[in-house]
1. List every residue pair whose Cβ atoms lie under 7 Å apart, where the two residues are 6 or more positions apart in sequence or sit on different chains, the first residue falls within the stretch 33-54 and is within 18 Å of residue 20 (Cβ to Cβ), and the second residue, located anywhere, is surrounded by 13 or more Cβ atoms within 10 Å (Cβ to Cβ) and not aromatic (Phe, Trp, Tyr).
2. Check off (1) surrounded by 15 or more Cβ atoms within 10 Å (Cβ to Cβ); (2) on the phi > 0 side of the Ramachandran plot; (3) not acidic (Asp, Glu) for residue 68 and give me the number that stays unchecked.
3. Considering only residues that are of a type in the set (A, V, I, L, M) and at pLDDT below 85, look in the stretch 41-52 and name the one that is least open to solvent (accessible area, probe 1.4 Å).
4. Mind listing whichever residues of the stretch 1-22 are part of a loop (DSSP other than H, G, I, E, B) and more than 18 Å from residue 76 (Cα to Cα)?
5. Could you identify the single residue in 3, 18, 10 that is modelled with pLDDT under 85 and β-branched (Val, Ile, Thr)?
6. Is it the case that the stretch 23-40 has a residue that's at pLDDT 85 or above, exposed (fewer than 10 other Cβ atoms within 10 Å of the Cβ) and in a helix (DSSP H, G or I)?
7. How about the stretch 69-81: which of its residues are in a helix (DSSP H, G or I) and either free of Cβ contacts under 8 Å to residues at least 12 places away in the same chain or over 12 Å from residue 16 (Cβ atoms) (or both)?
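The values are calculated or read from the model by the stated rules, or taken from the named source; none is laboratory data. Note that the structure is predicted; figures quoted are calculated from it, not measured. Every residue, glycine as well, gets a Cβ built from its backbone with ideal geometry; the counts of neighbours run over all protein chains shown. Calculation scope for accessible area: heavy atoms of the full protein, side chains included, ligands and nucleic acids excluded. Shrake-Rupley method; radii C 1.70, N 1.55, O 1.52, S 1.80 Å.
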Amino acid sequence: MNTRLRKNWTLFLIISLTLGLAPFNPPHLIGKIKWILGGNALSPKNGMKLEDWFDLVLHGVPWLLLLISSFLIILNFRKKE
């Protein structure tokens with residue numbers, strides 16, 4: 001699993017730049033993150049619904065995989081030195 005995550009960084013980058021940022025103007029993921037950081041995500045009146053949380057996961061997982069892959073590549077590079 002570790003080697004698959006390290007070797008597929010280009011795939012994760014492509015997926016992050018397409019699905020992770022879709023729709024592109026403005027990026028959907030940024031709007032969801034602002035909603036959460038604004039404190040209204042859990043409010044009963046203007047809170048996020050189940051589909052909003054699913055949407056956050058859908059657009060956020062490619063970025064998470066890219067970060068994990070990059071971290072593993074850096075760790076592997078440091079071990080070789």
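1. 35/41; 35/48; 52/32
2. (2)
3. 41
4. Across the stretch 1-22, the qualifying residues are 19, 20, 21, 22.
5. That would be 3, the only listed residue that is modelled with pLDDT under 85 and β-branched (Val, Ile, Thr).
6. Yes, the conditions are met somewhere in the stretch 23-40.
7. 71, 72, 73, 74, 75, 76, 77, 78, 79, 80, listed by residue number.
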